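Each remark here refers to the structure printed beneath this line.
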Amino acid sequence: MSSDLASYLAKRITQLFLVIFIAVSVNFIIPRLLPGDPVATALARLQTSGSGQTMDIQAVSDAYRARYGLDQPLWNQYLNYWADLFRLDLGVSFANFPEKVTVMIANALPWSVGLLATATLLSFFIGSFLGGRLAWPGAGRGIRALVPGLMVLSAIPFYLLAIIMVYIFAVELRWLPPAGGVETTRIMRLDWATAQDILRHAVLPCLSIAIGNIGFWALGMRSQMVSVLGEDYITFAEAKGLSPGRVFFWYGIRNAFLPQITALALNLGAVVSGAVLVEVIFNYPGLGSLLYVAIRGQDYFVIQGVVLVLIVTLAVMLFIVDLIYPLLDPRIRR
Amino acid sequence: MTIALKTRLPGGLGSRLGGTLIAGLSILGVIAFFSIIGPFFVDEVLAQVGSVRPRQPPGGDFPLGSDAQGRDMLALMVHATPNTLKMGLIAGVIGGGLGSILGLIAGQFGGWIDAVISVISDSLMTVPAIAILVVIAGNIEEMSTSVMAVVVASLSWMFTTRTVRAQVLSIRERGYIEVARVNGEGPLEILFREVMPNVMPYIVASFVGTSSAAILAIIGLEALGLGAQNEMTLGNTIYWAQQSSAVLRGFWWWWAPPIVVIAMIFVGLFLTSVGFDRFANPRLGRRA
Amino acid sequence: MQRCSLMRALRGGIAALALLPMAGAAFAQDVADMSREETLVLTPWGDQPAQFSNVDNWNTYLSTIPKQRDVMQITINEMLFYTNLNTGELIPWQAVSYETADDFMSATITLREGVTWADGVAFTSEDVKFTLEALRDAPPEIRGAASFNEWIASVDAPDPLTVVITYKKPAPRFVRDFLALGHENHYPILPRHIWEGENIAEFTNYDPARGLPLGTGPYRLVSTTTGQMIFDRRDEWWGNVTGFQDAPAPARIVLVPVSSDEAMGQLHIANQVDGGRQLQIGTFEAARAQNPNLASWNGEGPEWGAPDGCVYSIVFNHLVAPYDNADLRHAVNHALDRATLADIAYEGAMPTAPFAFSGYMAGTWLTEDSVLRQMLEDAGVDNQDQALVDERMAAAGFERNGEGFWAKDGEVLDFLVRTPAFIQPLLAPITQQLRNAGFDARQGAVDDTWLPDLLSGNFGTMLFVHCGSLSEPLETMKDYHSKFARPIGTNIPYSLAGTRYENPEYDAIIDRMEAIPADTDPNSAYMQDAVAAMEIFLRDMPQVHLIEEFHVVTFNNSYWTGWPSAADPYVAPYTPWEAFNLVIHNLQPAQ
């Protein structure tokens, strides 16, 4: 490994840790800027749901606060926070005490990953191929006609698309279930019936995210492809007599793909944001729903935990992209 | 490059302004027009809770029907659209402006200033905006549209900074910059007289992009119920519709108009952005 | 070529992703399949997350674990008595009768013979003694600890079927309210042989090998995951064995989470659920249009639902000027048009209420010839009249300023209207009506700061519920006793008593009423005290009561019939209440 590459790697790794440190600290501070007492709030919400009308809120919240070190000075809390993080202890939910945040996240994560990963990969690959094909000279009438449609679809935030799709497919046509992850009476087993049930319930949420993003990837790919087509090596390849398909795929797509991947990594943040709403709309038991309920309930260890997971995931993904990029494209190595 | 830019001013505009840019600006223009004119013709009182008979489908007195709480949908659309546009504008100007300034400074001065700005910008970029925004938004006691715009702007400057900085870095290597430096121009003079005019197209483009992203984030927050509850905006309309199970109840005239208007705004912004890219970077127009 | 293998990889990847959620779920490999016709599917009440938490913590008494209220009350646990709140009828269950001594310092409960726990051990007075004393001594995070500590001195078990409770002070209504009401009194008796020696706050009460959670009820827990809780009927239930009752019809009960009103409506339409979370009136009507098997309490709307004993009202903080002025409070009362508020906010689904008496009082305390009813009608509380607003505000020392807003000494009254999320529909209409009457009213943010502020007194006015009115006037009138008042900054002990109203004359009346049992006889001391208290209320108006809370309870008759309704009011129709257990025993398959 050349010293150039080594120093680049070292710089990037340092940057990664710095980014995580800053983001985690910001994540720690902000919920504590919330007014009011989250412990008292969480317990008080239980009061109004009828189950604890004769509870002495003050005494209980004092007890919880002492147990979770919330009565300590901020600096101590911060250090404890880091110590807990190293032990992978993200704290305990107030609203669902004594449930651990790690357990709640672990339960919700598979649903979100399944949904988001599938939808994003689908829209990314289909959109990119479509975009590439569109940019290639000789694209047929039919494909060209897709452009305005794709543009409109990519312009609608995909959680709004979700509303439209629920209306058309679940309420009017009743082809697909409108909510939930599985049927209410389904016994979850490792069999085809369960998988089929999960897939059936995942179609609409997945499609909302996928369709909303296809246009974005297609148009992005198209403009990347267009600038690639202007490059000299394309002309050279054609002059060499290579078949159009090969030129398209081997030289065109491959080179246009690299900036697309960067765009993918950068856009994951936006995808996650929109996915929160999609999950809320579909009563889908993923991280988005978890975050939403925690925010409304000021359950700040849960908020912190989920945001932390998201930040670290994104930071690591960007890091991997930055790592892969120079390996794939020698021109970029700094 | 500078020379090419200087001849691209009025005179050569016609060939550069593609159909896309015109289309985008027209859509935005139409929406803006109705946003400005509309409120004079339609009474704001009608858009408040309880002003008209609730749950009426479109027709008769109510061209767009009324929602479950008694708001006239047409009046609501007419008054909500300008509010949403206003927020996007404020956020675009603040976010784009802040990002541009930081990008210019980082690119021009380099060194530790650049390092600090880059690290902060990169860290904040990994933070999923909605997570921080919901915490901040849920925290402010009296949320108003201006406050929301500023809150969103605070997390939308990073991309602009990155782009502008990269552009500044590439421009700095040009010959005429060296000439200016030799001529004794100070760094600030170089920044304003040589670099900035060439970065302008990117700054304008990023303003459009930032506005678009800001409106997206704002609508997202409002749809989650974290918007300025007292005010009429497109996102709040979606939230109220969801809370009253409008989809299940078949009140399409409640959730569909805001979605249509939002889509038009984004299509307009997108076309403008693409068209402007071609205007600023004619190479893109060659093969397409 | 490359594209084919890519496609294949994609397909495999998608299949793997689809089965990812299985990774998070606990497997229920040994749960038998059961047909939909034999299964009763319910959801918890109210706003809940999309997934269950604490799946293996079945502690019955920890305040943050809602399982007793969500499902244990109709499956695993039972109560000594239930009450049909519609008629006031007592329904003995684990016990057969109770008596309170003449001096109200003790009570005797006689248990039923033959009641057993699910593991065969006999249910005796030792279990009752253990439970009541444990609750008396429990830490504050245990539900009911404060109350049991306040009232119970000691409990004796002279023989296996007799329990004698000795109180710290006269308690004419303790057994009724805490052990027999069938309402939100979630205090089931715990099995002493399981709980003795355990820390009541930390015991998870979950061990399938030992049959925990253990109760006397006709169902046992067979599976608990984040998406479902499954209970299967056990035919060795004591009621079945002793001939008390047949085991209930549903062979299986499944509890699933649901996080929104719309999602619940969808589940009902698809017959994926039989009951549970309430629906908004519009959602109910739309769902019913698509699925005619859906029913609520009443046969026709818009007042489809049933009362829950609570009334929405404006709470005035009596330690904050100018809300300490009775004339101002009366002015606010006359500024509001309750019928319009109910129509806009709740589409007519909830009736107006001039005072905090609920529908459950209608048959006993608010009959045609009742003096309380007469008083309310004569007082003309529900009367929107600008002239009266003007009159009262003038008496309070206010006048309209240049912009038409009420101001005193040049300072405009800034009326901030606040509300918790569950009363949000009222926020905008009330603010609008107040503005129309000349108040410079504005909507406060709807977040969770309302409760700490209500408790600490950091508010001027607050929209909230006033509850308790199920069996007698005292339950709701006692909330104005000054024992609940605290200085600003100190939390009040009971959220429903937020006014910080202090009136020694009123206190004396309430103290007297608390020491004697309720009596509808107009000549009784109790009734005379009630009238006196009502007079003070009508004069001072510490709260402005607006609308009675009705929930559109929704039941699906596609698979099960026999739900309670106005036509068949055998119990109050609220799933989270203890007495809903009677519904499970009354259901029959629909075909």
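The values are calculated or read from the model by the stated rules, or taken from the named source; none is laboratory data. For clarity, every value in this text was computed on a predicted model and none was experimentally measured. Every residue, glycine among them, receives a Cβ derived from its backbone with ideal geometry; neighbour counts consider all protein chains shown.
The figures follow:
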{"read-out": "Residues that are closer than 14 Å to C:I314 by Cα and of a type outside the set (D, E, K, R), drawn from the stretch C:328-346", "value": "C:L328, C:H330, C:A331, C:V332, C:N333, C:H334, C:A335, C:L336, C:L341"}
{"read-out": "In the stretch A:294-311, the residues that are without any contact (Cβ under 8 Å) to a residue 60 or more places away in the chain and under 16 Å from C:S259 (Cβ atoms)", "value": "A:I295, A:R296"}
{"read-out": "All positions within the stretch B:225-251 that are away from chain C (no Cβ under 12 Å) and touching a Gly at 6+ places or on another chain (Cβ under 9 Å)", "value": "B:T233, B:G235"}
{"read-out": "Residue in the stretch C:563-574 that is within 16 Å of C:W297 (Cα to Cα), surrounded by 16 or more Cβ atoms within 10 Å (Cβ to Cβ) and among the aliphatic types (A, V, I, L, M) present", "value": "yes"}
{"read-out": "Residues of the stretch C:209-240 satisfying the condition of being in a loop (DSSP other than H, G, I, E, B), within 14 Å of chain A (Cβ to nearest Cβ) and of a type in the set (S, T, Y)", "value": "C:T225, C:T226"}
{"read-out": "Lone unmet requirement of (1) more than 24 Å from the chain's Cα centre (by Cα); (2) away from chain A (no Cβ under 12 Å); (3) part of a loop (DSSP other than H, G, I, E, B) for C:N298", "value": "(1)"}
{"read-out": "Residue in the stretch B:215-233 that is in a helix (DSSP H, G or I) and over 30 Å from B:R71 (Cα atoms) present", "value": "no"}
{"read-out": "Condition broken by B:R193, with the remaining ones in (1) in contact (Cβ under 8 Å) with a residue 60 or more places away in the chain; (2) more than 11 Å from every other protein chain (Cβ to nearest Cβ) satisfied", "value": "(1)"}
{"read-out": "Filter result for A:S93 (more than 29 Å from B:S118 (Cα to Cα) and either in contact with a helix residue (DSSP H, G or I) (Cβ under 6 Å, 6 or more places away or on another chain) or modelled with pLDDT of 80 or more (or both))", "value": "yes"}
{"read-out": "Wholly enclosed helices (runs of 4 or more DSSP H) of the stretch A:140-230 bearing at least 2 residues more than 21 Å from the chain's Cα centre (by Cα) and of a type outside the set (V, I, T)", "value": "A:141-155, A:192-229"}
{"read-out": "A:A256 vs. criteria within 30 Å of A:G180 (Cα to Cα), more than 9 Å from every other protein chain (Cβ to nearest Cβ) and part of a helix (DSSP H, G or I)", "value": "no"}
{"read-out": "Counted residues, the stretch C:360-375 - those being buried (at least 20 other Cβ atoms within 10 Å of the Cβ) and either over 25 Å from the mean Cα position of the chain (by Cα) or not in a loop (DSSP other than H, G, I, E, B) (or both)", "value": "3"}
{"read-out": "Members of the stretch C:62-96 found to be part of a loop (DSSP other than H, G, I, E, B), in contact with a Leu (Cβ under 6 Å, 6 or more places away or on another chain) and under 25 Å from C:L161 (Cβ atoms), listed by number", "value": "C:L80, C:Q94"}
{"read-out": "Pair list, Cβ under 8 Å, 6 or more apart: the stretch C:257-271 residue among the aliphatic types (A, V, I, L, M), other residue surrounded by fewer than 22 Cβ atoms within 10 Å (Cβ to Cβ) and part of a helix (DSSP H, G or I)", "value": "C:I269/C:Q290"}
{"read-out": "Residues of the stretch C:131-180 satisfying the condition of being in a loop (DSSP other than H, G, I, E, B) and among the charged types (D, E, K, R)", "value": "C:D137, C:E141, C:R143, C:K168, C:K169, C:R173"}
{"read-out": "So B:M200, is it surrounded by fewer than 24 Cβ atoms within 10 Å (Cβ to Cβ) and under 23 Å from B:A256 (Cβ atoms)", "value": "no"}
{"read-out": "Residue within the stretch B:225-234 that is over 25 Å from the mean Cα position of the chain (by Cα), more than 27 Å from A:V26 (Cβ to Cβ) and among the β-branched types (V, I, T) present", "value": "no"}
{"read-out": "Residue within the stretch A:210-218 that is in contact (Cβ under 8 Å) with a residue 60 or more places away in the chain, polar (S, T, N, Q), away from chain B (no Cβ under 11 Å) and closer than 18 Å to A:L130 by Cβ present", "value": "yes"}
{"read-out": "Residue count, the stretch A:270-308 (criterion: surrounded by fewer than 24 Cβ atoms within 10 Å (Cβ to Cβ), of a type in the set (A, V, I, L, M) and within 19 Å of A:R32 (Cβ to Cβ))", "value": "1"}
{"read-out": "Residues of the stretch C:255-287 classified as in a helix (DSSP H, G or I), hydrophobic (A, V, I, L, M, F, W, C) and within 8 Å of chain A (Cβ to nearest Cβ), total", "value": "2"}
{"read-out": "Restricting the stretch C:301-345 to residues that are over 30 Å from B:G250 (Cβ atoms) and of a type in the set (G, A, S), the residue that is farthest from the other protein chains (Cβ to nearest Cβ)", "value": "C:A326"}
{"read-out": "Per-region count, the stretch C:570-587, residues polar (S, T, N, Q) and not in a helix (DSSP H, G or I)", "value": "1"}
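Condition check ((1) over 24 Å from the mean Cα position of the chain (by Cα); (2) at pLDDT 90 or above; (3) crowded, with 20+ Cβ neighbours inside 10 Å) across all residues:
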| residue | (1), (2), (3) |
| --- | --- |
| C:R234 | yes, yes, no |
| C:W238 | yes, yes, yes |
| C:T242 | yes, yes, no |
| C:P250 | yes, yes, yes |
| C:V258 | no, no, yes |
| C:D261 | no, no, yes |
| C:L279 | no, yes, yes |
| C:A287 | yes, yes, yes |
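Residue by residue, here is whether (1) within 12 Å of chain C (Cβ to nearest Cβ); (2) touching a residue at least 24 places away in the same chain (Cβ under 8 Å); (3) surrounded by 22 or more Cβ atoms within 10 Å (Cβ to Cβ); (4) not aromatic (F, W, Y) holds:
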| residue | (1), (2), (3), (4) |
| --- | --- |
| A:N80 | no, no, no, yes |
| A:D84 | no, no, no, yes |
| A:S93 | yes, yes, yes, yes |
| A:I105 | yes, yes, no, yes |
| A:A119 | yes, yes, yes, yes |
